[in-house]
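The values are calculated or read from the model by the stated rules, or taken from the named source; none is laboratory data. The shown structure was predicted, so the numbers you read here are calculated from the model rather than taken from an experiment. Heads up, the Cβs are rebuilt from the backbone with ideal geometry, glycines too, and the neighbour counts pull from every protein chain shown.
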Amino acid sequence: MINMVILATISTLGLTSLIMMVASFLSKKMNNDREKSSTFECGFDPYKSSRLPFSLRFFLIAIIFLIFDVEITLLLPMAIIFNKTNMTSWISVSVLFLLVLMLGLFHEWNQGALSWAS
């Protein structure tokens with residue numbers, strides 16, 4: 001039994017590594033494609049970069065929102081199973097889950113990840 005688990009783990013890691021190496025090899029871009037990917041302004045050199053800067057702060061806020069949104073969807077079934085489970089186990093699981101959520105929120109708040117204008 002343990003040998004099968006070890007074999008499955010090794011084969012999964014090997015296959016994953018192989019796929020990552022092949023993808024890395026195939027995705028290498030050539031340096032001569034730089035001119036093709038630059039902006040075209042009637043034969044003149046580009047005035048400035050056509051790429052717009054992306055706000056990393058906005059990205060972090062969006063990721064935090066998605067994480068807490070998924071956690072809210074995990075909270076909704078708790079109200080449905082309220083009458084169908086043991087009360088002490090329901091309360092302990094609910095309090096533990098909410099405690100983890102609140103600790104994560106306070107940690108993000110203390111780290112300054114929730115302040116937009118900084």
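How about segment 60-118: which of its residues are part of a helix (DSSP H, G or I) and of a type in the set (D, E, K, R)?
69, 71, 108, listed by residue number.
Filter segment 65-118 for residues that are small (Gly, Ala, Ser), touching a residue at least 12 places away in the same chain (Cβ under 8 Å) and exposed (fewer than 12 other Cβ atoms within 10 Å of the Cβ) and give the result.
118
Test residue 89 against the criterion of being within 30 Å of residue 104 (Cβ to Cβ) and at pLDDT 80 or above, and give yes or no.
Against the criterion (within 30 Å of residue 104 (Cβ to Cβ) and at pLDDT 80 or above), residue 89 qualifies.
For residues in segment 30-64 being among the small types (Gly, Ala, Ser) and modelled with pLDDT under 85, which is surrounded by the fewest Cβ atoms within 10 Å (Cβ to Cβ)?
Once the filter is applied, the top-ranked residue is 43.
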